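As structure tokens, the structure follows; a few thoughts come after it.
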Amino acid sequence: MILLVLALVPIAFVLACTATWAVLCVSRRVGAMDTAPMPGQVKAERRAVPNTGGIGIFVGVALPLAGALSAVPLLAGRPEVLPEAAAAHLPGLGERAPMGLALLGCATLLHVLGLIDDRRPLGPFLKLGVMAMPALVMAWGFDTRLLTLLDAYVGGAWASIAVSVLWFLAVTNAFNFIDNMDGLAGGVAGVASACLLATALIAGQWFVASVLALTLGSVLGFLVFNRPPAKLFMGDGGSLVLGFLLAFLTVRATYLYDGQQTPPMHAVFTPIVILAIPLYDLVSVVSIRLSQGRSPFVGDLQHFSHRLVRRGLSKPAAVGVICGLSLVVGIGGVFLPSLDSWQAVLVGVQTVLVLVVIATFEWASSPRGQG
């Protein structure tokens, strides 16, 4: 089954790469280029580059997922046409079909929201309200919840639903925020998808692993055209979808290891460790904006990547450093569920130290009052 799941990576890669190439050609023809900043927003100097690459990412994930969900009823009576390993999991896929359809619908909503925003920037609170809808659907309607143990203390599911919606919004916005340099959001999403895919394969969570494989392949296909210097950007039509998918998949993952029936308590920190770098960017840039009396939702050039460039790195080097840091903490996250408690503490300390070293370097190398 592992090989079947991994086979989805090249399938998604080919679909995303082909779709991205087609979108690039059409976008150049119709002039669908990156838009001017909205009032108060600060953006890098505009380039004649289309911002429609998210369509390729969406196609790479959505098309195979929709095809698989559509085929489930047709194959239910004919499992013999499938490889034996896949046929054994056909009933489980059938049980997850409603959730898969909801996931596809929510991703489509965010994709459309992003495409609209890429053409005519929307207000941040309107976007945030729409982004909360898929989060609520998955958390409430399909029991995709974090920290369900909280519910016993408050007499209902509202606490875990609230925490889960906040997690969805945080991760979705983290990838929306980090999409600010050529290859950055795609590179970080690729690292996170690969690390989470490893944890899902170890746990034998084939639905989660399959969607992660599609996400990884789609990101790699997009990066063919987005590596510096980028021929096109993913735009919000891609970053919102990637953030939402990774938020959903981190919650659905069980983080089991080697036949465990229940994950250790510290496994709940696995997604935080794997996504530590984009979350650091989100928290740090919001803190900087608030400290300056500015809205945290109005874009500027104070992200982690921009701060590294101001300290002497080239843009490709800054992207490489951030992707490398994501891999450093991500590897620890992959092994976290398999560790004893004292070993897990070491991984946690390592992750915190990485963030502290980054923050210390930034503080020590920055003129006071600047990010």
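Residues considered: GLY324, GLY330. Of these, the only one that is in contact with a Cys (Cβ under 6 Å, 6 or more places away or on another chain), modelled with pLDDT of 95 or more and closer than 26 Å to ASP182 by Cβ is GLY330.
Screening ARG307 with (1) surrounded by fewer than 24 Cβ atoms within 10 Å (Cβ to Cβ); (2) out of contact with any Asp or Glu (no Cβ under 7 Å at 6 or more places or on another chain); (3) not β-branched (Val, Ile, Thr) gives one miss only, at (2). The single condition among (1) assigned to a helix (DSSP H, G or I); (2) modelled with pLDDT under 95 that VAL165 does not meet is (2). Exactly one residue out of ALA139, ALA162 is without any contact (Cβ under 8 Å) to a residue 12 or more places away in the chain, crowded, with 16+ Cβ neighbours inside 10 Å and under 20 Å from THR254 (Cα atoms): that is ALA162.
With respect to (1) out of contact with any Gly (no Cβ under 6 Å at 6 or more places or on another chain); (2) assigned to a helix (DSSP H, G or I), the lone exception for MET181 is condition (2). Starting from residues that are in contact (Cβ under 8 Å) with a residue 24 or more places away in the chain and hydrophobic (A, V, I, L, M, F, W, C), keep the ones in segment 142-159 and report whichever is nearest to LEU104 (Cα to Cα). Among those that are in contact (Cβ under 8 Å) with a residue 24 or more places away in the chain and hydrophobic (A, V, I, L, M, F, W, C), it is PHE142. Scanning for something crowded, with 24+ Cβ neighbours inside 10 Å, within 19 Å of GLY114 (Cβ to Cβ) and in contact with a Gly (Cβ under 6 Å, 6 or more places away or on another chain), does segment 188-196 turn up at least one residue? For segment 188-196, residues crowded, with 24+ Cβ neighbours inside 10 Å, within 19 Å of GLY114 (Cβ to Cβ) and in contact with a Gly (Cβ under 6 Å, 6 or more places away or on another chain): absent.
When we screen LEU336, LEU290, LEU346 for residues that are buried (at least 16 other Cβ atoms within 10 Å of the Cβ) and not charged (D, E, K, R), the only hit is LEU336.
Taking the numbered list (1) out of contact with any helix residue (DSSP H, G or I) (no Cβ under 9 Å at 6 or more places or on another chain); (2) more than 16 Å from VAL171 (Cβ to Cβ) in turn, VAL268 passes all entries but (2). Comparison of PHE248, PHE222, PHE233, PHE244 shows that the only residue that is crowded, with 20+ Cβ neighbours inside 10 Å, of a type in the set (Phe, Trp, Tyr), modelled with pLDDT of 95 or more and part of a loop (DSSP other than H, G, I, E, B) is PHE233. Number of residues in segment 175-231 that are more than 12 Å from the chain's Cα centre (by Cα) and among the acidic types (Asp, Glu) equals 1.
In this entry, SER338 passes the filter for residues that are touching a residue at least 24 places away in the same chain (Cβ under 8 Å), touching a Phe, Trp or Tyr at 6+ places or on another chain (Cβ under 8 Å), at negative phi and of a type in the set (Ser, Thr, Tyr). Restricted to segment 288-310, and to residues that are among the polar types (S, T, N, Q) and over 11 Å from PHE177 (Cα atoms), which residue is modelled with the lowest pLDDT? Here the residue is SER295.
Here is a yes/no grid of residues against (1) closer than 15 Å to LEU275 by Cα; (2) touching a Ser or Thr at 6+ places or on another chain (Cβ under 8 Å); (3) in contact (Cβ under 8 Å) with a residue 60 or more places away in the chain:
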position: SER291; (1), (2), (3): no, no, no
position: PRO296; (1), (2), (3): no, no, no
position: ARG311; (1), (2), (3): no, yes, no
position: ALA344; (1), (2), (3): no, no, yes
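Among the residues making up segment 148-162, a single one is in a loop (DSSP other than H, G, I, E, B) and touching a Phe, Trp or Tyr at 6+ places or on another chain (Cβ under 9 Å): ALA157. Quick one: in segment 197-219, which of the residues that are assigned to a helix (DSSP H, G or I) and among the polar types (S, T, N, Q) is surrounded by the most Cβ atoms within 10 Å (Cβ to Cβ)? Ranking the qualifying residues of segment 197-219, first place goes to SER218. Tell me whether segment 224-237 contains one or more residues that are among the polar types (S, T, N, Q) and within 26 Å of GLU95 (Cβ to Cβ). Among the residues of segment 224-237, not one is among the polar types (S, T, N, Q) and within 26 Å of GLU95 (Cβ to Cβ), which makes the answer no. If I filter segment 62-81 down to residues being of a type outside the set (Val, Ile, Thr) and farther than 30 Å from THR20 by Cα, which single residue comes out as modelled with the highest pLDDT? Top of the filtered list is PRO73. Residues in segment 119-136 that are exposed (fewer than 15 other Cβ atoms within 10 Å of the Cβ), of a type in the set (Gly, Ala, Ser) and not in a loop (DSSP other than H, G, I, E, B): GLY129 alone.
The values are calculated or read from the model by the stated rules, or taken from the named source; none is laboratory data. Predicted, not measured: the structure shown is a model, and the values here were computed from it. No Cβ is skipped: glycine too gets one built from the backbone with ideal geometry, and neighbour counts run over all protein chains shown.
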